[in-house]
Each structure stands twice: as C-alpha cells, then as structure tokens.
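Take a look at the structure below.
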Amino acid sequence: MSEYKGVLVYCEAAEGKLSSIATELLGAGSHLAGELGQDLSAVIIGSNVSGLAQEAIAYGAKKVYIVDDPLLKDYLTDSYLTVMEKVVQQSMPQIILLGQTQIGRDLTPRLAFRLNTAATMDCIGLEIDPTSKRMLQTKPVYGGNAQVIQFCEADPQIATVRSKAMAALAKDDSHQGEVVNITVSIDPATIRMKVLDRKIEEAAGIKLEDARVIVSGGRGIGGTEGFKQLEELAETLKGAVGASRPPCDNKWVPDSLQIGLTGKIVSPDLYIAVALSGSSQHLSGCSGSKVIVAMNKDPEANIFKVAHYGIVGDWKKALPAFTAKCKELVG
Ligand SMILES: Cc1cc2nc3c(=O)[nH]c(=O)nc-3n(C[C@H](O)[C@H](O)[C@H](O)COP(=O)(O)OP(=O)(O)OC[C@H]3O[C@@H](n4cnc5c(N)ncnc54)[C@H](O)[C@@H]3O)c2cc1C
C-alpha cells in the first residue's frame, strides 16, 4: 500500500487573507478527500501568515501547516520550493493541489520534478476514479477546443486548478482543526532572486478574475466610445469589462483586459461577448464561463457554437435595448 495519504492544498495568501483560489482549492480538495475517505490539509507559506490557519480550517482543512518566516515575505522560487518539498516530506499527501496562478505555474513543475512525480497543469475538473482510486484530471487542450482526462501513476499526484473552475465550501467558523508550525531553515545565500520593486496593477471596480459577470468586446466594437457602452452594461450587472486581443492591440482598452490564450483566463457565471468572433485563442480564456451570451451580426460567427444564448444583429442597436432591460430588471 502507498505510504502517501490525504489531500494537501497550497493556499496562496494576499493582503492578510486567503486568496479566492485557495478557498476554491479547499472546496475541491475536500470533495476528493471525502471520496477517498482521507483528510484534507492545507499549507500556508509567508511572513505573518499564522493568523490565516483558522480561515483555512473554516473552509474545510482538518490540518494546516504554517511556515511563517520573514524570509518568505515575497514569493521566490528557491525558498518556496525548498519549503514545499519539506512540507510534503513531512505530510506525505497522496494528492497536492495548487492554483493555476503565477505562483502555481512557477512552483508546480519544479515541485513535481523534485518529488519524482508528474503534474497536470490547468485542470478544470478533478474526481476520484471509483475503481483505481486515482485522481482523474480534466484539462482543456488545443486552445480550449477539446478536453483531455488523464491520471498520474506516481504519488503524490499533483494538479493545478484554474481559477473559478471549482466552488469553495461555505465558510464555517465553528470548524475545528489542527495547526502545525513547521520551521524550515533557509540559507539566504541559496536564494538566487531578489524582489526589487512591486507594482500593483490598478483596476477600477471589480477585478476581471474575480468578476461574476464579464462584458467583453471585440474588434467589432470599433473604438473607445463603444467600450463606454460596455462599461455601462458591466456596471449595471456589477461586473467587469474584458476584451479580445484587437481592442487591446489598438489601445482602445488596456492590455490587462485581454482574455484568452495570451491574456487572462476567466470563468464568470455570465460572459457577454459583444462583437467578437470567438476565435479558439479567445475561447481558451473564457470557455469555462457558466453561461455565455453572444451578440454578433454574423450568424455564422464561431462564438454562437459555444454560446448558450445569442443575439444576431448589430450591437449598436441591440446593446442599448439590452442594457435598458437589464437596468429595469436589476432596478
Ligand atoms: C499565438 C496567438 C495568441 C492569441 N491570443 C489571443 C488572446 O489571448 N485573446 C484573443 O482574443 N485573441 C488572441 N489571439 C488573436 C485571435 O486569433 C483572434 O484574431 C482574435 O481573438 C479576434 O478578435 P475578435 O473576435 O475581436 O475579432 P474578429 O475575429 O475580427 O471578429 C470581430 C467580430 O465582430 C463582429 N462584428 C463586427 N461589427 C459588428 C457589429 N456592428 N455588431 C455585431 N457584431 C459585429 C463580426 O461579425 C466578427 O465576428 C491570438 C492569436 C495568436 C496567433
């Protein structure tokens, strides 16, 4: 029998609280642990992070490993990799989950290599195979045009999970759990990178990655004036504005709004795609949306193949009426 047991979630923290991906991973991890009849644990790494243990417990963790050290204030590959390796050696989990975030993308393949196993990146579905008890990992391939389900023969089985692909459990502050403090001696001389400066991307309103509603515009919007109308709809629905690549390339909107293969990956409850064709590169960033509504004058546009609801017509005529109706319903 394998000496590996349980599910371990790497919880990212920012500005004194767990990030949304951490709570989603705890939700996913608790389903997997339940199916295996094993326990869910979490690891939180950073400086002054001990206070976050109870939050991870409230979201489902039975045990939380805390590695709290001023040297771990910033994410740096060398130090975090050393810490994660040590935590895994101590906890021996069968499954490790991380977010498909900047940190997850950097840390996961290196961790898998150190642990002599494999990792599946960017999963949108995870379940336990009832027969083999291995973790089945679903991920999009070919720019979102197909999905593959794969499993890893070696333990620990490691996966990164796309943001908003899994749901967090309801927070329950009455949950009890164990907190384990781990000390890892880090030799500063082994850290080959240094954070020189930090620039926080300014975003007015709701961040794209956190938005439950996204109103996204394409080349057919034609310019900045058109995007103001999209902003009005987004504001009405308490959402955010996104874009395909051409509006960013044309500087109608900032690059940070680009959704797709070379932009952001989003999975809102509602994605309203206005005057964009639905290229595979764009869809790979938004195909995880729960409901897609497309507005396009071309009935053959690819976006209609993935849209749940469609409006065929000129957005300049359809959008004002759509926004007015939304205002009426919301009001
Ligand atoms: C390596 C690589 C990476 C890429 N990464 C990305 C990425 O991350 N994100 C991304 O979006 N793209 C990406 N692209 C570009 C991608 O291939 C497409 O070119 C792009 O998504 C097209 O954007 P669009 O749908 O806005 O424009 P178009 O394909 O030109 O579509 C415009 C649509 O607007 C409709 N339209 C025009 N006028 C109106 C109107 N008045 N009313 C209603 N509808 C109207 C048209 O019918 C058409 O369907 C990438 C490409 C490559 C090669």
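The values are calculated or read from the model by the stated rules, or taken from the named source; none is laboratory data. What you see is a predicted model, and the numbers here were worked out from it, not measured in a lab. Ideal geometry is used to build each Cβ from the backbone, glycine not excepted, and the neighbour counts take in all protein chains shown. SASA here: full protein model, heavy atoms, side chains in, ligands and nucleic acids out. Shrake-Rupley method; radii C 1.70, N 1.55, O 1.52, S 1.80 Å.
Here segment 14-139 was treated as a single set of alpha-carbon atoms; its pair distances binned every 10 Å from 0 give 12, 45, 38, 6, 0 percent.
The residue among 189, 223, 205 whose Cα reaches farthest toward the positive pole of the charge dipole of segment 169-248, with charges on the beta-carbon of Lys, Arg, Asp and Glu, is 223. Annotation: extensible slack from residue 114 through residue 195 equals 26.7 nm (criterion: 0.36 nm per residue apart, minus Cα-Cα distance). Evaluated at 25 °C with a viscosity of 0.890 mPa s, what Stokes-Einstein diffusion coefficient in µm²/s does segment 1-44 have when Rh comes from the Kirkwood expression over alpha-carbon pairs? Value of D from the Cα-based Kirkwood radius: 223 µm²/s. Only the Cβ atoms of Lys and Arg (+1) and of Asp and Glu (-1) were treated as charged; on that basis the dipole of the chain about its Cα centre amounts to roughly 680 debye.
Residue 41: net charge of surrounding residues, Cβ under 11 Å, Lys/Arg +1, Asp/Glu -1, itself excluded?
+1
Amide hydrogen proximity for residue 242: with H placed 1.01 Å from N in the peptide plane, the residues at 5 or more positions away or on another chain lying under 5 Å are 215, 216, 217.
Full extension of the chain segment joining residue 141 with residue 50 gains 28.9 nm, where the gain is 0.36 nm per residue of separation less the Cα-Cα distance.
Computed over protein heavy atoms with a 1.4 Å probe, the accessible surface of segment 72-140 works out to 41 Å² per residue.
Calculate the dipole size of segment 1-70 relative to its Cα centre from +1 charges on Lys and Arg beta carbons and -1 charges on Asp and Glu beta carbons; express the result in debye to the nearest 20.
With only Lys, Arg, Asp and Glu charged at Cβ, the dipole is about 180 debye.
With the convex hull drawn around the C-alpha atoms of the chain, the volume per residue stands at 151 Å³. Positive-end ranking of 88, 125, 7 along the dipole of the chain, with charges on Cβ about the Cα centre, is headed by 125. With protein chains left intact and a 1.4 Å probe, residues in segment 193-331 average 56 Å² of accessible area per residue.
By a straight-distance test (C-alpha under 16 Å), which aspartates and glutamates pair with residue 325 as possible cross-link partners, with residues fewer than eight away in the same chain excluded? Excluding near neighbours in sequence, the set is 231, 232, 235.
With q set to 0.27, 0.30, 0.31 Å⁻¹, the log10 of I(q)/I(0) for segment 205-250, from the Debye formula over equal scatterers at the Cα positions, is -0.95, -1.07, -1.11.
Accessible surface of segment 51-201, 1.4 Å probe: 50 percent of it comes from carbon and sulfur atoms. Largest accessible area first, the listed residues 95, 265 line up as 265, 95 when surface is computed with a 1.4 Å probe on the assembled protein chains. Among 117, 183, the sequence by solvent-accessible area, most first, with a 1.4 Å probe is 183, 117.
In terms of overall dimensions, segment 90-194 has a Cα radius of gyration and Dmax of 16.3, 47 angstrom.
Here the gap between residue 154 and residue 325, fully extended at 0.36 nm per residue and compared with their Cα-Cα distance, gives a gain of 56.2 nm.
Proximity of backbone amide H atoms, modeled 1.01 Å from N, is registered between residue 123 and 160, 161, 162 at under 5 Å, excluding neighbours fewer than 5 places apart on the same chain.
With 30 Å as the limit on Cα-Cα distance, the pairs of 194/238; 139/305; 171/305; 133/290; 171/228; 17/290 that go past it are 194/238; 171/305; 171/228. Taking a 26 Å limit on the Cα-Cα distance, which of the listed pairs 86/207; 251/316; 62/207; 5/264; 164/316 fall beyond it? Beyond 26 Å: 86/207; 62/207; 5/264; 164/316.
Distance from the alpha carbon centroid of segment 120-193 to that of segment 35-106 works out to 11 angstrom.
Rounded to two decimal places and with Rh computed the Kirkwood way over Cα pairs, what is Rg over Rh for segment 236-331?
In segment 236-331, Rg relative to Rh is 0.95.
Computed per residue of the chain from DSSP H runs no shorter than four, each worth -39500 (n - 2.57), the mean residue ellipticity at 222 nm is -8500 deg cm²/dmol.
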